[in-house]
Amino acid sequence: MSEDLGITIKKDEDFSEWYNQVVLKAELADYSPVKGCMVIRPYGYEIWENIQAFLDKKIKETGHKNAYFPLFIPESFFKREAEHVKGFSPEVAWVTHGGDTPLEEKLAIRPTSETIMYEMYSKWVRSWRDLPILINQWCNVVRWETKMTKLFMRTREFLWQEGHTAHATKEEADEEARKILDIYREVYEYLLAIPVIPGQKTESEKFAGALYSLTLEALMPDGKATQCATTHNLGQHFSKAFNITFIDRDEQRKYVWQTSWGLSSRSVATMVMVHADDKGLVVPPRVAPVHVVIVPIIFQESREEILNFVKKVKDMLEGFSVIADDREEYTAGWKFNHWELKGVPLRIEVGPRDVKGNKVILVRRDTGEKKSVPVENVHEQVRESLEKIQEDLFQKAKTFLTENTVEAEDYDELKRLVDNKKMVKVVWCGSDECEAAIKEETGTTSCCIPFNGKKQGRCIYCGRDAGFVVYFAKHY
Ligand SMILES: [Zn+2]
């Protein structure tokens, strides 16, 4: 493969530029003529669709239904919940005209749909019999980012799902926020082979308008943490602003308790960052659009025989997504590089000697490990290898996370460790002032207070008696 087709920068030399090359050259996405936006190409979209399909099934299995709400939100709705408007205002895109005519009320392009959905919920909920409302929406949202565009990671428009529920009690809303976080954890750990740290956001980092926010945090190989997905118990903040009330069993009128939760196309970015390597993408088998590529090594004298054999092998791999790349305008070597760049988990090579011996060569994308497999075992061996790759990718990422998540005993150590690309655990008193000072002075953000993260000690910043453990890291 020529220089400009392959990845020319090493992952550990210039992580950011390496990432851009992998996303562009593996044809996941491209920059758009509209500044800050991206074009998701078919191969990238297939990966997103696989994430969607997995998550959509779980969302439905837990009793939620999909629906669709308008892209436009009237300014007056948007402004009804004070914290929410404060949090989102800086990044809202507004529609002010229809054609040449100024609108009477300007319309926000949804940055998230709480306000447009809850206006409707206030009409739909009358009695305890109408609860819970369990609705999910798959859509795009727009947040007018000013930082530099990073495909899948930071773009002005992105894809996601947003769940919005209404319940009779706080306990039900608590349970919902935890249940969905567990599902999101499955998406990351089971499907994408990315280990995460679940926890609660600090007050200053919680969702604008929430009672509290739960999060999954992952550590990228460049030492930056990323927020993978969040769920929020919105308390009664929005139900009071939108007047969503119900008559309970005790005949009393009450405000509902609500949650909202989202997982976005950013998940594709984390998958690339965690698993891809100097040759290109590495796609975990459970989310891979293609599991196996069969590459025949064609010689004129045995051409027919080899192509028939390839067809036979492909037929034996029913149940997997298989491409037999028998294009004759490319060499076998070119194809090896091409499919490695695309991150296809397994390659099967078939040459004249393999046909004679009734076997194939099976090559793992993640390790490069090769083995010769009798053709009658090929289905079983592919199944086992894919499982092994999935497991090994997770374990490798888990080891990285464990090795790079460390505890700091004092403030100097915290500074040194975050500069050394670590996610750092510290004891903290819980005050906004200490958190803000740490962020400011170290250039970090607090990731989360891990579940069961109580620990007595002294605050790493102010030295007062403290009861919280919190992670700090540089962030995407
Ligand atoms: Zn403190």
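How big is the Rg/Rh ratio for segment 338-468, C-alpha atoms only, Rh by Kirkwood, two decimals?
On the way: Rg = 24.4 Å, Rh = 18.7 Å.
The Rg/Rh ratio comes out at 1.30.
Can you tell me the 0 to 90 degree angle between the C-alpha axis of helix 15-25 and the longest principal axis of the chain, rounded to 10?
Value to nearest ten degrees: 60.
Binning at 10 angstrom from zero up to the longest distance, how are the C-alpha pair distances of segment 417-476 distributed in percent?
25, 58, 17, 0
Using all Cα-Cα distances in the chain, what percent lands in each 10 angstrom bin from 0 up to the longest?
Taking all Cα pairs of the chain, the binned fractions are 4, 18, 25, 24, 16, 9, 4, 1, 0 percent.
Return the calculated 222 nm mean residue ellipticity for the chain, to the nearest 500 deg cm²/dmol, obtained by summing -39500 (n - 2.57) across DSSP H runs with n ≥ 4 and dividing by the residue count.
On the way: 14 runs with 162 residues, N = 476.
My calculation for the chain gives -10500 deg cm²/dmol from helical runs alone.
Please report, in debye to the nearest 20, how large the charge dipole of segment 323-476 is about its Cα centre when each Lys and Arg carries +1 at its beta carbon and each Asp and Glu carries -1 there.
Working: 26 positive and 28 negative charges, 71 e Å.
The dipole magnitude comes to about 340 debye.
With every protein chain left in place, what is the accessible area per residue of segment 312-365 in square angstrom, probe 1.4 Å?
Details: 2450 Å² over 54 residues.
It amounts to 45 Å² per residue over segment 312-365.
Rank Gly357, Leu346, Leu401 by how far each Cα sits towards the positive end of the charge dipole of segment 307-415 (+1 on Lys, Arg Cβ; -1 on Asp, Glu Cβ) and give me just the farthest.
Towards the positive end, the residue furthest out is Gly357.
Enumerate the calculated ³J(HN,Hα) couplings along segment 263-272 in order (Karplus 6.51 cos²θ - 1.76 cosθ + 1.60, θ = phi - 60°), each rounded to whole Hz, writing x wherever the residue is Gly or Pro.
The phi angles translate into 9, 10, 5, 4, 4, 5, 4, 5, 4, 5 Hz.
Short version: ³J(HN,Hα) in whole Hz for each residue of segment 355-360, in order, from phi by Karplus 6.51 cos²θ - 1.76 cosθ + 1.60 (θ = phi - 60°), x for Gly and Pro, what are they?
4, 4, x, 6, 9, 9
Of the peptides 183-192, 50-59, 253-262, how do they stack up when ordered by the mean number of other Cβ atoms within 10 Å, highest first?
Working: 183-192: 20.4, 50-59: 17.7, 253-262: 23.0.
Output ranking for 183-192, 50-59, 253-262: 253-262, 183-192, 50-59.
So, for segment 373-476, what is the accessible surface per residue at a probe of 1.4 Å, expressed in square angstrom?
51 Å²
State the answer as a single residue: which of Ser204, Cys448, Tyr118 lies farthest towards the positive end of the charge dipole of the chain, with beta carbon charges of +1 for Lys and Arg and -1 for Asp and Glu, about the Cα centre.
Tyr118
Based on Cβ point charges of +1 for Lys and Arg and -1 for Asp and Glu, what charge dipole magnitude is obtained for the chain about its Cα centre, in debye rounded to the nearest 20?
Numbers: 66 positive and 75 negative charges, 97 e Å.
Dipole about the Cα centre, nearest 20: 460 debye.
Find the relative contact order for segment 416-476 and round it to a whole percent, using C-alpha pairs within less than 8 Å whose residues are 6+ positions apart. Write out the running numbers ahead of the final one.
Working: 117 pairs, mean separation 28.2, N = 61.
Taking the mean separation of contacting Cα pairs over the length of segment 416-476, I get 46 percent.
Give the carbon-plus-sulfur fraction of the accessible surface of the chain in %, rounded to a whole number; probe 1.4 Å, heavy atoms of protein chains only.
On the way: 10580 of 21450 Å².
Carbon and sulfur atoms account for 49 percent of the accessible area of the chain.
Per-residue HN-Hα couplings for segment 295-307, Karplus 6.51 cos²θ - 1.76 cosθ + 1.60 at θ = phi - 60°, whole Hz, x for Gly and Pro?
With the stated coefficients, segment 295-307 comes to 10, x, 9, 8, 10, 3, 5, 10, 3, 4, 4, 5, 5 Hz.
With a 1.4 Å probe and every protein chain left in place, work out the accessible area per residue of segment 192-244 in Å², rounded to a whole number. Can you show the working numbers first?
Values: 1210 Å² over 53 residues.
Here the residues of segment 192-244 average 23 Å² of exposed surface.
What share of all Cα pairs of segment 224-376, in percent, falls into each consecutive 5 Å distance bin?
Percent of Cα pairs in each bin: 2, 8, 14, 14, 12, 8, 6, 5, 5, 5, 5, 4, 4, 3, 2, 1, 0, 0.
With a point put 7 Å past each Cα toward its Cβ, work out how far Ser321 is from Lys86 in nm, to one decimal.
4.5 nm
Mind checking the alpha-carbon convex hull of segment 296-383 and giving the volume per residue in Å³?
90 Å³
In segment 292-393, with Lys and Arg counted as +1 and Asp and Glu as -1 at Cβ, which of these residues, Ser321, Thr331, Asn308, has the Cα nearest the positive end of the dipole, that is, farthest along it?
Checking the options against the dipole of segment 292-393, the answer is Thr331.
Of the cross-linked pairs Lys312/Lys356; Lys10/Lys150; Lys201/Lys455; Lys398/Lys422; Lys86/Lys254, which ones have a Cα-Cα span greater than 20 Å in the structure shown?
Details: Lys312/Lys356 14 Å; Lys10/Lys150 18 Å; Lys201/Lys455 17 Å; Lys398/Lys422 14 Å; Lys86/Lys254 26 Å.
The answer is Lys86/Lys254.
Which value, in debye to the nearest 20, describes the size of the charge dipole of segment 126-219 about its Cα centre when Lys and Arg Cβ atoms bear +1, Asp and Glu Cβ atoms bear -1, and nothing else is charged?
Working: 13 positive and 15 negative charges, 79 e Å.
Roughly 380 debye, rounded to the nearest 20.
Express the relative contact order of the chain as a whole percentage, based on alpha carbon pairs under 8 Å and six or more residues apart in sequence. Walk me through the numbers on the way to the answer.
Values: 962 pairs, mean separation 67.1, N = 476.
Normalised by residue count, the contact order of the chain is 14 percent.
Over segment 368-476, what is the relative contact order in whole percent, taking alpha-carbon pairs under 8 Å and six or more residues apart?
Values: 145 pairs, mean separation 26.8, N = 109.
Dividing the mean separation by the residue count of segment 368-476 yields 25 percent.
Hey, can you grab everything whose amide H is under 5 Å from the amide H of Asp277? Only 5+ residues off in sequence or another chain; H modelled, so Pro and N-termini drop out.
Val282
Once the cut-off is 21 Å, how many percent of the Cα-Cα pairs in segment 75-175 end up in the long-distance tail?
Values: 2438 of 5050 pairs.
So the portion of pairs separated by more than 21 Å is 48 percent.
The values are calculated or read from the model by the stated rules, or taken from the named source; none is laboratory data. Treat the numbers as computed from the prediction; the structure is a model and nothing was measured. Positions of Cβ are generated from backbone atoms using ideal geometry, with glycine treated the same way; all protein chains shown enter the neighbour counts. To get the accessible areas, we keep the full protein, side chains included, count just its heavy atoms, and leave off ligands, DNA and RNA. Shrake-Rupley method; radii C 1.70, N 1.55, O 1.52, S 1.80 Å.
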